[in-house]
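What follows is a short report on a single structure.
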Amino acid sequence: MYKLVVSDLDGTLLRPDHRLGDYTRGVLARLRASGVDLVLASGRHFADIRVLAASLAPSLPAQSAEPGEAPTQDTAFVSGAPTPTFSFGVRKPRQRGYLVSCNGAAVNTADGRLVQATHLPAEPLHFLLRDALCLHPRFRHVHTNVFLTDAWLVEEANPSLLRYHRDSGFHYQVADFAALDGTDVLKVVYHGEPEQLLALEAALLARWGDALGTTFSLPQTLEVMAPGVSKGAALAALLDDLGLTPAHVACFGDGLNDLEMLQLVADGGGLALLMDNADQRLHQALPQVPRIASHADEAVARCLARLLAAGALQPT
């Protein structure tokens, strides 16, 4: 029996147009009605994910944070340390479910309470925002983004990025990175051509080594967080808090940023499933994980419908 459903968004739960399909909405409504908890785990910002989550659960409290507003913080669980501090404490959320955002750098209850945040260390941040793209002329067309706890910042507008956020309405703010005090950055995101980003990742790790963690949510998106941050680390801490094990989880993903999460569930006896459209590097890293169909076919929802029909999902 699986008691927790964990799903990535882009390339997994969302269609190729980065929206929830009607069939998926219907199945998730049935899942919610059954009492089974849903964890949305994404590289997206919390404010972005929460709008999608709220569309699945209209009863969320009105006082919860909206896009562009700071979510309610439980400061006992917020850390600016360069290494992750996962400590959830046993608290009953006002709305069931959790939102894992920024690849695990932040975790919120579904109704908006921030229970964990791990910020990038300040020391390499200036390098990431100022010096990194000067390392080689090939990096000059790479676009830099900064995710704070409550905002998405860019120095140069790039409207093409907004196509990923049409349903949520989440959008960037143009700002001067030099004005950042370096205390509230969850991740730095570089958009560019895959070969540029692979070379940039190698340069960053050669310079900073264990002071940074990197991953790719898409081949065109290099994401830089604090060391040790991952969806898998966030999920492991959450399972411990809920008194569950990986064997209680049905998990879906498609990107390299899902690697640790899928590995945790697969190794722990849970149900880990890989999208047919997944990054080939993920297929190679997880050859033992079964494939399902594409996100274009709303394959996650179809799998959940079968699990519900078979009685394989039950409330915690």
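The values are calculated or read from the model by the stated rules, or taken from the named source; none is laboratory data. No experiment lies behind these values; they were computed from the predicted model shown. Heads up, the Cβs are rebuilt from the backbone with ideal geometry, glycines too, and the neighbour counts pull from every protein chain shown.
So that you can scan it fast, the table gives a plain yes or no per residue for (1) farther than 21 Å from Gln220 by Cβ; (2) modelled with pLDDT of 95 or more; (3) touching a helix residue (DSSP H, G or I) at 6+ places or on another chain (Cβ under 7 Å):
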| site | (1), (2), (3) |
| --- | --- |
| Asp254 | no, yes, yes |
| Asn257 | no, yes, yes |
| Leu264 | yes, yes, yes |
| Asn277 | no, yes, yes |
| Ser294 | no, yes, no |
| Leu304 | yes, yes, yes |
Legend entry - Cβ pairs under 6 Å, 6+ apart, first in the stretch 112-137 and more than 30 Å from Leu238 (Cβ to Cβ), second small (Gly, Ala, Ser): Leu135/Ala203
Legend entry - Output for the stretch 296-311, where each listed residue is farther than 19 Å from Asp276 by Cα and surrounded by fewer than 16 Cβ atoms within 10 Å (Cβ to Cβ): Ala309, Ala310, Gly311
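Let's see how each residue does on (1) assigned by TED's automatic domain parsing to the domain that holds Thr149; (2) in contact with an Asp or Glu (Cβ under 8 Å, 6 or more places away or on another chain); (3) β-branched (Val, Ile, Thr):
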{"position": "Ser217", "(1), (2), (3)": "yes, yes, no"}
{"position": "Gly253", "(1), (2), (3)": "no, yes, no"}
{"position": "Glu260", "(1), (2), (3)": "no, no, no"}
{"position": "Asp267", "(1), (2), (3)": "no, no, no"}
{"position": "Leu273", "(1), (2), (3)": "no, no, no"}
{"position": "Asp276", "(1), (2), (3)": "no, no, no"}
Inset, instruction - Check off (1) in a helix (DSSP H, G or I); (2) within 23 Å of Thr149 (Cα to Cα); (3) in contact with a Leu (Cβ under 7 Å, 6 or more places away or on another chain) for Arg32 and give me the number that stays unchecked. - result: (2)
